[in-house]
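Chemist: This structure is in structure tokens; I'll ask about it shortly.
The values are calculated or read from the model by the stated rules, or taken from the named source; none is laboratory data. None of these values were measured; they are calculated from a predicted model. Heads up, the Cβs are rebuilt from the backbone with ideal geometry, glycines too, and the neighbour counts pull from every protein chain shown. Surface areas here come from the heavy atoms of the whole protein model, side chains and all, with no ligands, DNA or RNA. Shrake-Rupley method; radii C 1.70, N 1.55, O 1.52, S 1.80 Å.
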Amino acid sequence: MSDGSSGILERLFALTANGTTVRTEILAGITTFLTMAYIIFVNPSILAQAGMDFGAVFVATCIAAAAGSLIMGLYANYPVALAPGMGLNAYFAFTVVPQFGGDWRLALGCVFLSGIAFLALSLSPLREWLVNAIPRSLKYGIGAGIGYFLALIGLQNAGIVTAHPVTLVTLGNLGAHGALLAMAGFVALVALYFRRVPGAIMLTIIGVTAAAVLLGLQPLQGVVDMPPSLAPTLFEMNIRGAFEIGFVTIIFVFLLVDLLDTTGTLVSVGQRAGMVDEDGKLPRLRKAMVADSTATAIGAALGTSTTTSYIESTAGIETGGRTGLMAVTVGVLFLASLFLAPLAGTVPAYATAPALVFVACLMARSLADISWDDITEAVPAMVTALAIPLTYSISSGIGLGIIAYAGIKLASGRWRDLNWAIALIAAAFAVKLALQ
């Protein structure tokens with residue numbers, strides 16, 4: 001790299017001040033990309049089940065991830081990559097769109113408005129207030145519950161769990177080719193992750209797909225080609241319809257989950273990167289929040305569910321990434337992935353099932369952080385975690401958890417633990433659930 005290019009990068013990212021080099025940042029970016037590239041296969045697969053065009057969502061996923069990562073790197077100078085979020089895409093496809101009678105354009109409108117609301121919060125003191133208003137135990141329960149939701153979807157896609165008229169769910173046909181390949185893929189994925197193989201999730205998806213093609217179970221549509229058209233989803237969000245008062249709860253859930261997820265990711269990545277100052281605060285946090293919220297709005301305009309910061313960025317941190325150049329590298333690689341559309345179209349649903357179940361296992365770790373000695377904290381958290389998959393709705397699960405939290409605190413004489421914000425949110429959810 002020429003001295004001129006190095007000088008520009010030094011001015012943009014303050015590499016020397018952060019104790020890093022161009023080579024280290026690029027390597028960290030490649031590492032991060034490999035750990036999160038599975039989203040280019042999984043996200044179109046999930047949103048296609050909501051009636052959206054697979055090819056257009058594939059392009060939207062790549063561009064939204066690229067745009068979010070580039071903004072985060074160039075504007076906030078954070079070593080954090082972004083892409084459409086797991087869990088939120090499932091909420092979009094399996095809860096919101098069916099609730100809207102299959103109108104995914106209206107669901108995209110809600111995502112767009114949640115991004116604008118997030119942007120407004122990021123520019124105001126209300127951001128910290130809202131994050132602090134949600135009890136820590138419920139945050140852990142929400143994370144685990146979304147994980148369980150993803151696991152249920154993954155097991156369904158693999159045919160391992162199926163519907164039953166009496167017991168609601170039952171064991172599927174484990175002898176089916178898809179179920180066998182999914183189970184083998186899951187075992188392989190855990191082993192690869194344990195051995196710290198970069199890109200373990202993506203390698204598993206490609207491996208199961210390759211096995212399906214070789215066994216004649218799935219036709220190979222190709223590997224590299226020009227990107228599909230984005231036209232079927234570009235600017236298709238119905239913003240006017242999303243302004244209706246009945247959709248406030250849905251927009252709030254998109255906002256809340258994205259806000260909690262982003263805050264947790266930024267704090268975790270910042271701590272691992274040594275960015276936290278002596279007062280425990282992160283530098284340029286407002287810029288990072290603005291980058292994340294802007295990416296959500298851009299993603300909705302392109303045609304994908306909420307775009308958010310990825311905890312997989314810690315893989316790049318462990319490799320030495322310390323600046324936004326790492327995120328910019330990830331953004332460039334997502335743009336390059338636009339030419340992998342045929343490969344993405346070849347991936348069967350059961351090939352992504354191991355990834356969904358594995359991500360669910362990682363998300364369930366948050367249950368360990370719950371204060372189990374305080375039953376008034378632990379029970380509402382578990383109500384949230386269980387209600388999300390069992391109601392097949394993230395919003396209903398969160399609502400029931402918050403209502404349980406407020407009710408248990410009041411009945412236990414612990415009303416001082418409640419703040420007026422959580423009480424108001426509980427009342428709003430109670431009214432919504434009673435009327436639906």
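Chemist: Where does each of 247, 186 land when they are ordered by accessible area, with a 1.4 Å probe and the largest first?
Modeler: Numbers: 247 35, 186 60 Å².
The ranking, largest first, comes out as 186, 247.
Chemist: Further question: Could you tell me which of rounded, prolate or oblate describes segment 87-156, using a ≥ b ≥ c as the square roots of the eigenvalues of the alpha-carbon gyration tensor, with rounded for a/c under 1.5 and, failing that, prolate when a/b is larger than b/c and oblate otherwise? Present the calculation step by step, with values, prior to reporting the outcome.
Modeler: On the way: a/c = 3.30, a/b = 1.23, b/c = 2.68.
Oblate, since a/c reaches 1.5 and b/c is not below a/b.
Chemist: Let me ask something additional. If you count only protein heavy atoms and use a 1.4 Å probe, how large is the accessible surface of residue 116, to the nearest 10 Å²?
Modeler: Rounded to the nearest 10, that gives 80 Å².
Chemist: Where is the GNM fluctuation largest for the chain (alpha-carbon springs, 10 angstrom cutoff): 256, 171, 180?
Modeler: 171
Chemist: Here's something else I'd like to know. At a Förster radius of 35 Å, what calculated FRET efficiency corresponds to the Cβ-Cβ distance of residue 214 and residue 162, to the nearest 0.05? Working shown, then result.
Modeler: Working: r = 26 Å, r/R0 = 0.75.
It comes to 0.85.
Chemist: To the nearest 10 square angstrom, what accessible area does residue 16 show with a 1.4 Å probe?
Modeler: 110
Chemist: For the chain, with only Lys/Arg (+1) and Asp/Glu (-1) charged at the beta-carbon, what is the dipole magnitude about the Cα centre, in debye rounded to 20? Walk me through the numbers on the way to the answer.
Modeler: Details: 20 positive and 22 negative charges, 50 e Å.
Using only the charged Cβ atoms, the result is roughly 240 debye.
Chemist: Further, regarding this structure: Modelled label-to-label distance, residue 133 and residue 428, 7 Å Cα→beta-carbon offset: nm?
Modeler: 0.7
Chemist: For the residue pair residue 191 and residue 226, what label-to-label distance in nm results when each label sits 7 Å from Cα along the Cα-to-beta-carbon direction?
Modeler: 4.3
Chemist: Continuing with the same structure: Probe radius 1.4 Å, ligands and nucleic acids left out: which of 21, 346 has the largest accessible area, and how do the rest follow? Intermediate values should be presented prior to the final figure.
Modeler: Values: 21 70, 346 0 Å².
Descending order: 21, 346.
Chemist: A further question on this structure: Stretch residue 240-residue 362 to full length: gain in nm at 0.36 nm per residue minus the Cα-Cα span? Walk me through the numbers on the way to the answer.
Modeler: Values: separation 122, 0.36 × 122 = 43.92 nm, distance 3.76 nm.
Result for the pair: 40.2 nm of gain on full extension.
Chemist: Here is a follow-up. At 0.36 nm per residue, minus the direct Cα-Cα distance, what do residue 248 and residue 268 gain on full extension? Give it in nm, one decimal, please.
Modeler: Working: separation 20, 0.36 × 20 = 7.20 nm, distance 2.98 nm.
Stretched fully, the residue 248-residue 268 segment lengthens by 4.2 nm.
Chemist: Relative contact order, percent, of the chain when contacts are C-alpha pairs under 8 Å separated by at least 6 residues? Display every interim value, and only then the final one.
Modeler: Values: 808 pairs, mean separation 150.7, N = 436.
The value is 35 percent.
Chemist: Over segment 188-297, what is the relative contact order in whole percent, taking alpha-carbon pairs under 8 Å and six or more residues apart? Intermediate values should be presented prior to the final figure.
Modeler: Values: 21 pairs, mean separation 10.9, N = 110.
Contact order relative to length: 10 percent.
Chemist: Which shape class applies to segment 209-361: rounded if a/c is under 1.5, otherwise prolate when a/b exceeds b/c and oblate if not, where a ≥ b ≥ c are the square roots of the Cα gyration tensor eigenvalues?
Modeler: oblate
Chemist: Simple spin-label model, 7 Å along Cα-to-Cβ: residue 74 to residue 174 in nm?
Modeler: Modelled inter-label distance: 5.2 nm.
Chemist: While we're on this one: Keeping every protein chain in place, order 164, 177 by accessible area at 1.4 Å, biggest value first, i.e. largest first. List each step's numbers first, then the result.
Modeler: Values: 164 65, 177 115 Å².
Per-residue accessible area, sorted high to low, gives 177, 164.
Chemist: Considering only protein heavy atoms, what is the solvent-accessible area of residue 148 at a probe of 1.4 Å, reported in Å² to the nearest 10?
Modeler: Accessible surface of residue 148 is approximately 80 Å².
Chemist: Also, quick follow-up: Per DSSP helix of 4 or more residues, -39500 (n - 2.57); summed, then divided by the residues of the chain. What does that give at 222 nm, rounded to the nearest 500? Before the final figure, lay out each step's value.
Modeler: On the way: 20 runs with 279 residues, N = 436.
It comes out at -20500 deg cm²/dmol, rounded to the nearest 500.
Chemist: Just to be sure I follow the rule: in the chain, considering lysines 8 or more places apart or on different chains, how many pairs have Cα atoms under 26 Å apart? Walk me through the numbers before you get to the answer.
Modeler: On the way: 139/281; 139/287; 139/409; 139/432; 409/432.
So the count works out to 5.
Chemist: A follow-up question, please. Find out how many positive minus negative residues lie around residue 307, taking Lys and Arg as positive, Asp and Glu as negative, among other residues whose Cβ is under 10 Å from that of residue 307. Walk me through the numbers on the way to the answer.
Modeler: Working: positive: none; negative: 258, 292.
Taking every other residue near residue 307 into account, the sum is -2.
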